[in-house]
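Heads up: the structure comes next, in structure tokens.
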Amino acid sequence: KKREKMKYVFLIFFINLLPQYAGKSLRRDDSYPKTFEDIKNEIAGYTDIAKAIIDLAVHGKAQNRSYERLALFADTIGPRLSGSKNLDAAIKYMFSALQEDGLENVHLEPVKVPHWERGEEFAMMLEPRNHSIAILGLGSSVATPPEGITAEVLVVASFDELHKRAQEAKGKIVVYNEPFINYGETVRYRSQGAVEAAKVGAVASLIRSVASFSIHSPHTGWQNYQPDVPRIPTACISVEDAEMMSRMSFRGTKIVVHLKMGAKTYPDSPSFNTVAEIVGSKYPEQIVLVSGHLDSWDVGQGAMDDGGGAFISWEALSLIKDLGLRPKRTLRLVLWTAEEQGGIGAEQYYQLHKENISNFDIVMESDEGTFKPSGLGFTGSAKARDIVNEIMTLLLPINVTNVYDNADGTDIDYWMRDGVPG
């Protein structure tokens, strides 16, 4: 039941409680309540509906439904890398499933997405001893030459240390043993590590997985080259191997590694953002957007990142439909494509729809893991935040009432930068 609760954090929004001036000027409906007291009363009027939604999802026939749907999807389709046949299959699957669920305006919006494949890859420490190093190539990495790269290792703990020791880096494989502070801060080493190493003449870079621990399992993710910097092969290694090489290097031991990566980048592929709606009764042109991304990395099932977020977003619409509710504003579900490559699908969606930006009332995304919920991250004006705080009191029955500073989501950033609450 805990994992099911995650969806209610979204749900109360989808009753479309947000009065029209949550973060924007009054302009459409002058009969709208003008005082915060009026807004509070209106929100309180939704207590029974909120309870009905919670009951259906926690105790009713929808209990565990989103989990079962997700398990079937992940087991059937598997990993869904941008540009892959699996992602195409996932989009077709969801297009049918959303239609079968009786949602409205189910359609696909075409976009172009990156197509990168990792190919075969391995790494072996040759000195001071033979040791197989677990690696995962990073997204968009180039391949090594067919015979691989054999080179001495330079271990650094930070970009600062790399710059201080720039003279030592030429012709070497840079190993970053950066300490894990938090994902947001430490992920810079994954995204910029290859570029910084290449600037000082390194032939490849290996990055300690951006994780608190890894048990011999490296983590992949996207990384960014720069136009004026040589592209060198780059991969993640386990926390354990990064720590070991760091210890060796502190003792003054020479480390030599053989690295082989067969990655390929193909021309961009056609793909789609997947959209479904429940059309609003009173302001159908106004949008409350709820979303998750359908693509994933190639080395897992993408069940958590972001199958869970995509499926609770779908579930939000399902529950409202099941209860025969018709919100005032249109609830729009978007399942993004190519989020892992930097929000590619979302950016093209934004470019296509931003001319109607005044119709977007709030944008929501779930992409931080579907754990037991504790509240919402919110970005918007102080007035909008007051309204959201009030709405969250409706979630008291499941003790999910916190509103944290800042919504965080690659796919909704474009809208939030333009002032739409998120």
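A 1.4 Å probe run over the protein chains yields, for the stretch 62-104, 46 Å² of accessible area per residue, whole-number rounding.
Residues in the stretch 412-422 carry Karplus couplings, in order, of 10, 4, 4, 6, 5, 4, 8, x, 7, x, x Hz; the curve used is 6.51 cos²θ - 1.76 cosθ + 1.60 with θ = phi - 60°, and Gly or Pro positions show x. Restricting to the chain, what percent of DSSP beta bridges are antiparallel, rounded to 5? So the antiparallel bridges amount to about 50 percent of the total. Tally up the carbon and sulfur contribution to the accessible surface of the chain as a whole percent, 1.4 Å probe, everything protein left in place. Carbon-and-sulfur percentage of accessible area, whole number: 52. Scanning the chain for GluC sites (Glu not before Pro) lying in DSSP loops with no more than 12 further Cβ atoms inside 10 Å, the longest uninterrupted stretch between such sites is 148-422. Cα-based radius of gyration for the stretch 69-143, normalised by 2.2 N^0.38 Å, reads 1.66. Accessible surface for the stretch 170-313, divided over its residues, is 39 Å² per residue with a 1.4 Å probe.
Per-residue 3J(HN,Hα) values for the stretch 269-279, derived from phi via the Karplus relation 6.51 cos²θ - 1.76 cosθ + 1.60 with θ = phi - 60°, read 10, x, 8, 8, 7, 9, 10, 8, 9, 10, 6 Hz in sequence order (x marks Gly and Pro). Between residue 368 and residue 63, the modelled labels are 2.9 nm apart [label points 7 Å from Cα along Cα→Cβ]. Projecting the alpha carbon convex hull of the stretch 374-422 along each direction and taking the average yields 3.4 nm². Debye calculation, C-alpha points only, no solvent: report log10 I(q)/I(0) for the stretch 122-244 at q = 0.16, 0.21 Å⁻¹, in the same order as the q values. Evaluating at q = 0.16, 0.21 Å⁻¹ gives log10 I(q)/I(0) of -0.69, -1.26. Annotation note: trypsin sites (Lys or Arg not before Pro) in the stretch 272-349 located in DSSP loop regions with a Cβ neighbour count of at most 13 within 10 Å are 282. With all projection directions averaged, the alpha carbon convex hull of the stretch 305-422 covers 7.8 nm². Annotation: amide H of residue 219 within the under-5 Å range of 209, 210, sequence separation 5 or more or interchain, hydrogens built in the peptide plane. Specify the residue with the greatest mean-square fluctuation among 281, 82, 296, computed from a Gaussian network of the chain linking alpha-carbon atoms under 10 Å apart. Highest fluctuation of the listed residues: 281. Computed over the chain with a Gaussian network model linking Cα atoms closer than 10 Å, the most mobile of 128, 114, 284 is 128. Here is how the number arises for the chain: DSSP H runs of 4 or more residues each give -39500 (n - 2.57), the sum is divided by the residue count, and the result at 222 nm is -10000 deg cm²/dmol.
Here the Karplus relation 6.51 cos²θ - 1.76 cosθ + 1.60, evaluated at θ = phi - 60°, turns the backbone of the stretch 245-252 into coupling constants of 5, 5, 4, 4, 5, 4, 7, x Hz, with x for every Gly and Pro. Computed on the stretch 195-288, the Cα convex hull volume stands at 217 Å³ per residue. Overall shape: prolate for the chain, with the ratio a/c of the largest to smallest alpha carbon gyration tensor axis at 1.5 or above and a/b above b/c.
The values are calculated or read from the model by the stated rules, or taken from the named source; none is laboratory data. What you see is a predicted model; the values in this text were computed from it and never measured. Ideal geometry is used to build each Cβ from the backbone, glycine not excepted, and the neighbour counts take in all protein chains shown. When the accessible area is computed, the model is the full protein with side chains, heavy atoms only, and any ligands, DNA or RNA have been set aside. Shrake-Rupley method; radii C 1.70, N 1.55, O 1.52, S 1.80 Å.
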